[in-house]
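Trainee: After the structure tokens below, expect a handful of questions from me.
The values are calculated or read from the model by the stated rules, or taken from the named source; none is laboratory data. Please read all numbers here as calculations on a predicted model, not as lab measurements. Note: ideal-geometry Cβ built from the backbone for every residue, glycine included; neighbour counts use all protein chains shown.
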Amino acid sequence: MKSVFAAGILAAAAVLSTTAARAQALPDSPQAQVPDSPRPQQVIPNPTAIAPGKGTSASTDTPADDPNAPATTLGSRPAATQPPSDQVNEAAPDLTPQTGEGGRAKPLQVTVNFVEVPFTVKDNKGQLVPAIDWREVQIYESGVRQHMRLFTTDPYPLSVAFIIDQSVPYQTMKSVNTALGAVQGAFTPYDTMAVFTYNNGTRQKTDFTKADGARITAVLEQSKTEGREANFAALGGNGPLEQNIEYNNGANSNIDPNTNRNHGTGGLQNNTGNIPKEQHPLNDAIFEAAKSLTTQPVGRRRVIYVVSDGRESGSKVKSKELVKFLQTNNIALYATVVGDSATPYVGFLDKYHIPFTMKENVLPQYASATGGQAISEFRTKGIETSFAKIAEEVRVQYTAGYYSTEPFIDGKYRPVEVRVLRPGLDIISKKGYWPTASATAAAIRSGSTAVPR
């Protein structure tokens, strides 16, 4: 027992001597704190900087005690090392996902074709139908229903190219001259107007200016004319139109050159009494007005308003080319049909056009193709009221829009149809359109917030 106790005392003395020796080895500074956890491991070097058989360079190793070393968390991976600037492809997009984004790719940008369709709704009595809800409207392009992204009843400011036909007969021109005083009352100060006239050719009287301004008042006054008289010609023989003086049974004639049947006509040849062909270049006048409308800013309704009897003869622009230009540039044609074309049943007979003869009234065809309207008025009072009636219908139109899935670069015609889910209604809208890149960009810039979701 004594030997065991002595051995224990010797072991304790050895421990105390060891502790004293360690205490003497410490500096005079306060006693250092003993860490309660292992020291952090050294940051794993970037695998891309390790060369086979050579390890890593000193510059790529981050010391464990470096206070500027980035903090790491369990499960995180080191950021990818960027290549030198002279090796980066500036043209290629950066598809590397950021921290926390995972494998999400950047969205693909695709150019789409936005189509805007103004339309008017009338009942079976010809009255405007208000309060149509967007849920009742359906739009079809090439027979396929489209997802409507725009629907609004807000009025648009108008840019109106006003065309006056000065080739109508005298009595008709007299009624038009009287009615021109009511034109400006149909438009607002926010609308702009340009005035065109045509007889043997087209003339722009003024560029676009305020529709209710003094300049338009003066131009409309200057545009009043007497019209065109009917052509009379001597048809030969001894009729009442025969004005030649003849003797010796016609062997000698034209004693007085002023009574010559050809004097002053210029178009009669060989004393046959042929009537010169009348010129009514309506297509050329509409085309000139349409070109001026293409310069108007985005966000305005483009309208051509024609006061004419609708006769077309002698134009350089063909009807198909004109309709395509109007549909391509979103121009609607409205008209007040006057003269003989405004009489009952004439519009019905115009559908049966005789080849190689002058078309009596082409305005309803152009109005229907572009989403406009043509009103026939024979009397002066009716012509005056037609201005306000058409301006009201243009201003209260509904406007719908959608993104077409068809590419605009193919340039193919797209038929468009607007349907309203109510019985007995008449929907007036353009029949289709021709897509263009410029029109697509313009439509996107003029986007509206009135989009149903």
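Trainee: Going through 194, 211, 161, 218 one at a time, which residue ends up being free of Cβ contacts under 8 Å to residues at least 40 places away in the same chain and among the small types (Gly, Ala, Ser)?
Mentor: 218
Yes or no, residue by residue, for (1) at pLDDT 95 or above; (2) surrounded by fewer than 16 Cβ atoms within 10 Å (Cβ to Cβ); (3) not assigned by TED's automatic domain parsing to the domain that holds residue 284:
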| residue | (1), (2), (3) |
| --- | --- |
| 184 | no, no, no |
| 195 | yes, no, no |
| 201 | no, yes, no |
| 208 | yes, no, no |
| 212 | no, no, no |
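Trainee: Does residue 453 fit the bill of being within 16 Å of residue 138 (Cβ to Cβ), modelled with pLDDT under 95 and either among the polar types (S, T, N, Q) or assigned to a loop (DSSP other than H, G, I, E, B) (or both)?
Mentor: Spelling it out, it is not the case that residue 453 is within 16 Å of residue 138 (Cβ to Cβ), modelled with pLDDT under 95 and either among the polar types (S, T, N, Q) or assigned to a loop (DSSP other than H, G, I, E, B) (or both).
Trainee: With 167, 159 as the choices, which residue is touching a His at 6+ places or on another chain (Cβ under 6 Å) and at pLDDT 55 or above?
Mentor: Just a single option satisfies the conditions, and that option is 167.
Trainee: Looking only at region 370-417, how many residues end up being of a type in the set (Phe, Trp, Tyr), touching a helix residue (DSSP H, G or I) at 6+ places or on another chain (Cβ under 8 Å) and within 21 Å of residue 120 (Cα to Cα)?
Mentor: 1
Trainee: Let me ask something else about it. Condition test on residue 441, is it surrounded by fewer than 18 Cβ atoms within 10 Å (Cβ to Cβ), at pLDDT below 90 and either of a type in the set (A, V, I, L, M, F, W, C) or in the same structural domain as residue 306 (by TED's automatic domain parsing) (or both)?
Mentor: yes
Trainee: Another question, then. On the given criteria, is residue 123 surrounded by 13 or more Cβ atoms within 10 Å (Cβ to Cβ), modelled with pLDDT under 95 and among the acidic types (Asp, Glu)?
Mentor: no
Trainee: Does region 379-393 include one or more residues that are buried (at least 17 other Cβ atoms within 10 Å of the Cβ) and on the phi > 0 side of the Ramachandran plot?
Mentor: Checked region 379-393: no residue is buried (at least 17 other Cβ atoms within 10 Å of the Cβ) and on the phi > 0 side of the Ramachandran plot.
Trainee: Among the residues of region 398-421, are any within 24 Å of residue 366 (Cβ to Cβ), of a type in the set (A, V, I, L, M, F, W, C), in contact with a Gly (Cβ under 6 Å, 6 or more places away or on another chain) and surrounded by 15 or more Cβ atoms within 10 Å (Cβ to Cβ)?
Mentor: Checked region 398-421: at least one residue is within 24 Å of residue 366 (Cβ to Cβ), of a type in the set (A, V, I, L, M, F, W, C), in contact with a Gly (Cβ under 6 Å, 6 or more places away or on another chain) and surrounded by 15 or more Cβ atoms within 10 Å (Cβ to Cβ).
Trainee: State which residue is farthest from the chain's Cα centre (by Cα) when the search covers only region 146-162 and only residues that are assigned to a strand (DSSP E or B) and farther than 11 Å from residue 193 by Cβ.
Mentor: Filtering region 146-162 for residues that are assigned to a strand (DSSP E or B) and farther than 11 Å from residue 193 by Cβ, the one farthest from the chain's Cα centre (by Cα) comes out as 146.
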